[in-house]
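Heads up, the thing below is written out as structure tokens.
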Amino acid sequence: MSDNIIQLNQELIHNELKDLVRNSVEETLNALLDHEAEQLVNAEKYERSGERKGYRSGHYSRNFQTTSGDVTLKVPKLKGVQFETAIIERYRRRECSVEEALIEMYLAGVSVRRVEDITEALWGTKVSPGTISNLNKKAYEHIETWRTRKLEGEYPYVYVDGVYLKRSWGGEVQNVSILVAIGVNQDGCREIIGAAEGMKEDRESWKEFFVWLKERGLKGVRLIVGDKCLGMLESIPEVFPDAKYQRCTVHFYRNIFSVTPRNKMKTVAMMLKAIHAQESKEAAREKAEQVAQKLREMKLASAAKKVEDGIEETLTYMDFPTQHWSRIRTNNTIERLNREIKRRTRAIGAFPDGQSALMLVCARLRHVAGTQWGAKRYMNMDHLAELDIQNEADNIAG
């Protein structure tokens, strides 16, 4: 029986089938090109006709990359009429699916060098950085449309922060700031509502950023969460006079840790967390006074001073529903996005200009916004409506 067993060379069969498919694709495409040429000329090869619109003048070869492999196209040359094919766009070397895959890889956080390696592994040829750059220009048009879109509805909670990147300027590498804003809409979902170049996060930059958001339709803002930046603090009352400000408690802790000895940080951290674990603003204030007194007893006068001076702006979240407290007392939601941005831009190094940095940041933000991050409900906004009703009832009763 063993003499009758047929052994197959799977690798040889695979290669033969691959060549067969590639040859079939090549023949089909060339046949279609010839057919298009006949329609444009309005006559077949060597046909004499008074209705002829042009003449053939041979072919020229060009490579075309497909999912079946590289094929050689024989593109007809015509005299008297321009040859334009609906099958393959002029000067295109790859299928649309390949180009879309390149853009998606780049926007998903894959570096240019890694994209080159992946394309070589998948299609046998490398894609040059120039080609990737040209493809991204197409994507950037859509990104800019997304960045400047009109904002619909109200955004009661807004998180703001700036992320610093490197750019080349006059032969030197300087910092460039990208200001980012995330809003929580009336459905309780997070939405990236703005990103713009902010230079050094000064007052003018923040004011322009907030005005730009307002002109695009940002309204209904009741709480702005962010780190303590003087330029931002001065701009909020001018642009959003009805909005309150919440200083990120995590940044507040870090500011106190900067004047705390390392061997006392754990104890101080527990004391600070106890302040924001209170059930009301009044209780938190009393706890803060106790903590400041305790810090002075520990010979930490500078830390005590920072607690006394800054505690009030970290308690604003207590004016809102208790169910939202853990979400609105820190800037964690935007800090996570900043880490994503830095992870993607780390491979770039220094950008040639601020616009390039902004576009790549927006590309990454748009990619994240299109995932479950933007579709999942972040908080139940019914609690805010219930609090408004309760406050209104209390005011009437008072």
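The values are calculated or read from the model by the stated rules, or taken from the named source; none is laboratory data. In this text, all values refer to a predicted model and were calculated from it rather than measured experimentally. Virtual Cβ from ideal backbone geometry, glycine too; neighbours counted across all protein chains shown. Please note that ligands, DNA and RNA were not included when accessible areas were found on the heavy atoms of the full protein model with its side chains. Shrake-Rupley method; radii C 1.70, N 1.55, O 1.52, S 1.80 Å.
Remarks
- Near LYS77, the amide H atoms lying under 5 Å from its own belong to SER57, GLY58, HIS59, TYR60; only residues 5 or more places off or on other chains count, and H is placed 1.01 Å from N.
- Positive-end extreme of charge dipole, segment 181-300 - chosen from ASN263, GLY217, SER280 (charges on Cβ): ASN263
- Evaluating 6.51 cos²θ - 1.76 cosθ + 1.60 at θ = phi - 60° for every residue in segment 377-394, the Karplus couplings come out as 5, 8, 7, 8, 7, 5, 5, 5, 5, 5, 5, 4, 5, 5, 5, 5, 5, 5 Hz, glycine and proline recorded as x.
- Backbone HN-Hα couplings from phi across segment 174-188 [Karplus 6.51/-1.76/1.60, Hz, Gly and Pro as x]: 10, 7, 10, 9, 10, 7, 10, 10, 10, x, 9, 7, 5, 8, x
- Accessible area of segment 145-186 belonging to carbon and sulfur atoms, whole % at 1.4 Å probe: 46 percent
- Amide H contacts of GLY194 (H built 1.01 Å from N, under 5 Å, at least 5 apart or other chain): ALA181
- The residues of segment 321-392 present an accessible area of 51 Å² per residue when probed at 1.4 Å with all protein chains retained.
- Å² of accessible area per residue within segment 139-288, as computed with a 1.4 Å probe and no ligands counted: 48 Å²
- A Cα-only calculation for segment 307-387 places Rg and Dmax at 17.3, 50 Å.
- Reduced Cα scattering model of segment 248-343, Debye log10 I(q)/I(0), q = 0.21 Å⁻¹: -1.04
- The phi torsions of segment 230-244, fed into the Karplus equation with coefficients 6.51, -1.76 and 1.60 and a -60° offset, translate into couplings of 4, x, 5, 4, 6, 7, 4, x, 6, 8, 10, x, 8, 8, 8 Hz, rounded to whole numbers, with Gly and Pro shown as x.
- Accessible surface of HIS383 - all protein chains present, 1.4 Å probe, nearest 10 Å²: 50 Å²
- Put simply, the amide H of GLY153, placed in the peptide plane, has no neighbours under 5 Å, leaving out anything fewer than 5 places away on its chain.
- Cross-linked pairs LYS207/LYS244; LYS266/LYS299; LYS166/LYS214; LYS138/LYS214: Cα-Cα separations exceed 18 Å for LYS166/LYS214; LYS138/LYS214.
- Per-atom-type breakdown for segment 322-398 gives carbon and sulfur 46% of the accessible area (1.4 Å probe, protein chains only).
- Net charge contributed by nearby residues that have their C-beta within less than 12 Å of ILE143 (K/R +1, D/E -1): +4
- Ranked by how many other beta carbons lie within 10 Å on average, peptides 52-60, 26-34 from highest: 26-34, 52-60
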